[in-house]
Each structure stands twice: as structure tokens, then as C-alpha cells.
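The values are calculated or read from the model by the stated rules, or taken from the named source; none is laboratory data. Everything numeric here is computed off the predicted structure, so don't read it as measured data. For neighbour counting, all protein chains shown are included, and Cβ atoms are generated from backbone atoms with ideal geometry for every residue, glycine included. For accessibility, only protein heavy atoms count, side chains too; no ligands or nucleic acids. Shrake-Rupley method; radii C 1.70, N 1.55, O 1.52, S 1.80 Å.
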Amino acid sequence: MVLIGIDPHKSTHAATAVDPETNRDLPSILIDVTLQEYQRMLDWARQWPERRWAVENARGLGHHLTSWLLARGERVVDVAPSATARVRQLSRGAGRNNDRIDAAAAACVAALQGDVRPVQSESATDALALLDERRSNLAQARVRAVNQLHALLRALLPGGAPRDLSAAKAEQLLDTVVPAGSAELTRHTLAADLIAEIRTWDVKLKDNAKAMAALVAESESRLTDTPGIGAVTAARLLGRTGNPTRFPTASAFAQYAGTAPIDIASADRARHRLSRRGDRQLNAALHTVAITQIRMPGTRGHTYYQAKLAEGKTSREAQRCLKRRLAGHVWRTMIGDERRRTQTTGPGGQPGATTASSAAGPTPMADASDKSLPGPAEPEPTPTLQPA
């Protein structure tokens, strides 16, 4: 097996082959970023029948090359730039930086199995991530337009406009205004333009939600079976998580989502504080689900939240405990969906856990929600998944 490290740039890519047994550099090649040059590099790499590609920043500058290689059946792993920097600093050459050294460093990191992860072809989760990002941009544009419209109506109407302003309501209010003077006439014209823009954003947001719902339904995800998780929230959870099997445990996923509290120990006193780390968009989605369940009497999340309050926790502490439990439930649900898809597409399976969860099943115990898990993650044993 030969590892081929790739140091990608905007206009050129450098590739260096490395023998993982001896850690010795083999031939290198420098190509331009074109399809013809991609093919030339692949032809060059075929001198090693057993090979694997280690692309630095495969989700960034190396994304196009990675997708091209995956489409041709090549095996690719993603190497973080920080990992190659550490290898370069610890190797000979006093930390010198050039394309060949960076490419060899990427291959060395892959050989040592440190800070790398296999890259798979893009799937529905990648499409959901794109739709989620688009929805965030559309929502921000609509908020800006509504804020500008509020400012104009405040100058045109006594008392301004209500906070929950829609395009139809704003148009009704604007029809009552008879502008006097050039300034008010300009405000009236700008307000009408903003109302038209808001209507455009509303249509785009509805189309975006329909596209999300269609992809979530196509993925056969069971996240929407959980109270408080609709198609849009499920799309964000799936898109921001990607392949759930990259997290060995629910605790690892909770840390990634920023819902696991941070352990602080000093002078024989242990306490926990709120984590501000992790994917904040994913954290916000879990927060939305938690708040929705808290406001829905009869749900297991509401019961769990009330039990935490009865233990003497504050409202915010109880919310954080529920978010931690929901993170485990979401991860287990996605793992179960992934295993079902694997069973239907072929033999084998993905490592994961049962779809049973403390947030969806009986009221859970409190210990794991209140404490951080600083130790190394260990894969959780899972029973055989029963047919649905």
C-alpha cells in the first residue's frame, strides 16, 4: 500500500507518494488544476496498484479533486492542515514549507492514522447542508429588509408598525399613508420596494423548506418522529452532522454539538460550566427542540425538564440537561437510520447504537446529562437492529 499525499492550492496541486512501512518519500508530481491534469496525475499514480490518497483540507481547496477521485473509485482520506503542520515541524528540515514537504506530511499523517477520516461521496446530507446555509442567508436578508421597513414606517406612521410585521400587513399600513413632500414620497417608494423584497424572500423560504422536506423524506430519517423536530430542523441536524458514524459515541457527538458541559476541577472541588465550543448552528437546532418540548406538556422532554426543576436546578440548568439528552437521542436516531440504509443496500453495517433513546423513551436518569465526559471515547456496544 502506497500513500499519496496531496497539498492542494487554488491553481496547482502537489502530490508525493510515501511508503508507509519505511516512511520514505517516493516520486512527486506537480499539476495544474484542470481535468486533463487530474487524469495525468491519476495515470502517474497507477504505477502503484495498491494506493490511497491523503488530501490536506479535502473539504476546502481539495474538495473538487477529492470528488473527482471518489467518482473514479479511489480511496481518499481527509487530513487537517494543523496535522500536517505538526508533522512538518517535527520532521527534518527545520519546519521548512513547500508543496512537496506538505504533500509528504499529509501522507505521513494518514500512515500514522492520526487526525484523518475517510471521505465518502457526497450524499443527501451534503445537499441538506447547502439548503440549510441558503436558508440562513435568506432569513438574514429578510430580517434586514424588515428592519429597514420598520424604520421607514416609523417615520411615516404615528406609532410605527407592529413587531410581527408581514408583507401583507405592511402593505395595508402603507396604503393609509398619503405622503407629503419629497422626503415622505421617497420613504413611501422605498417602503413599497422593501415589501416586494420581503414577498420574494418569503417565496424563496417556502421553496427552500419544500426542498428540505423532500430530501428529509427521501432519506427516510426518523428524526421527525421526535416531538419538536420538523423537516427544517431535521434538515439542519442532518446537514450539520454529516455521516453520524464518524462519532464513536453519543458523548463525542454531544461535545461536537457543544451540549456536553466542561469539567473544571480545582483544590479538590469539581464543578461544570457551560460549553461555548462545538458547532453553534447544531447547538441552536438542539436548543430549539428543547424549548419546543419544554412548552409541550405530555412529552418526555417536558417530564424530564420538570424532574430537573424538582431536583433544585435552575431553568437554564434544566434546559442544558435536556439539550444534552436530546443530543444523545438525535445521534442514536441517525445511527439507526444509517444502519437501516446499510442493511437495505448490502451486507455488513456501520458501527453505531440502537435507536432507543432516553429522550424518546422513559424519563432518563440524570447522571450523564449533568456531567462532562473528559475521558477518551469508547465505542458503545449495540444490539442487533430489529426490522422496523
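When restricted to residues that are open to solvent by 70 Å² or more (accessible area, probe 1.4 Å) and in a helix (DSSP H, G or I), region 270-286 contains 2.
The set of residues in region 179-228 that are in contact with a helix residue (DSSP H, G or I) (Cβ under 7 Å, 6 or more places away or on another chain) and among the acidic types (D, E) comprises E184, E197, D202, E218, E220. Considering only region 220-230, I want to know if a residue exists there that is open to solvent by 60 Å² or more (accessible area, probe 1.4 Å), among the charged types (D, E, K, R) and at pLDDT 90 or above. For region 220-230, residues open to solvent by 60 Å² or more (accessible area, probe 1.4 Å), among the charged types (D, E, K, R) and at pLDDT 90 or above: present.
Candidates L149, L174, L165: the one that is over 29 Å from D7 (Cα atoms), surrounded by 18 or more Cβ atoms within 10 Å (Cβ to Cβ), in contact with a helix residue (DSSP H, G or I) (Cβ under 8 Å, 6 or more places away or on another chain) and at pLDDT below 90 is L165. Of all residues in region 44-68, those being surrounded by fewer than 23 Cβ atoms within 10 Å (Cβ to Cβ) and either among the β-branched types (V, I, T) or assigned to a helix (DSSP H, G or I) (or both) number 7.
One line per residue, one yes/no per condition, for (1) touching a strand residue (DSSP E or B) at 6+ places or on another chain (Cβ under 6 Å); (2) touching a residue at least 12 places away in the same chain (Cβ under 8 Å); (3) under 30 Å from W331 (Cα atoms); (4) of a type outside the set (D, E, K, R):
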{"site": "A167", "(1), (2), (3), (4)": "no, yes, no, yes"}
{"site": "E171", "(1), (2), (3), (4)": "no, yes, no, no"}
{"site": "G181", "(1), (2), (3), (4)": "no, no, no, yes"}
{"site": "T186", "(1), (2), (3), (4)": "no, no, no, yes"}
{"site": "L194", "(1), (2), (3), (4)": "no, yes, no, yes"}
{"site": "W201", "(1), (2), (3), (4)": "no, yes, no, yes"}
{"site": "A209", "(1), (2), (3), (4)": "no, yes, yes, yes"}
{"site": "M212", "(1), (2), (3), (4)": "no, yes, yes, yes"}
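Among all residue pairs at least 6 apart or on different chains, which show Cβ distances below 7 Å where the first residue, located in region 226-247, is closer than 21 Å to I291 by Cα and the second is surrounded by fewer than 19 Cβ atoms within 10 Å (Cβ to Cβ) and among the charged types (D, E, K, R)? Partner pairs satisfying both residue conditions: R240/D279. Of the helices (runs of 4 or more DSSP H) contained entirely in region 291-388, those carrying at least 2 residues that are at pLDDT 90 or above and either open to solvent by 20 Å² or more (accessible area, probe 1.4 Å) or hydrophobic (A, V, I, L, M, F, W, C) (or both) fall at 300-310, 315-345.
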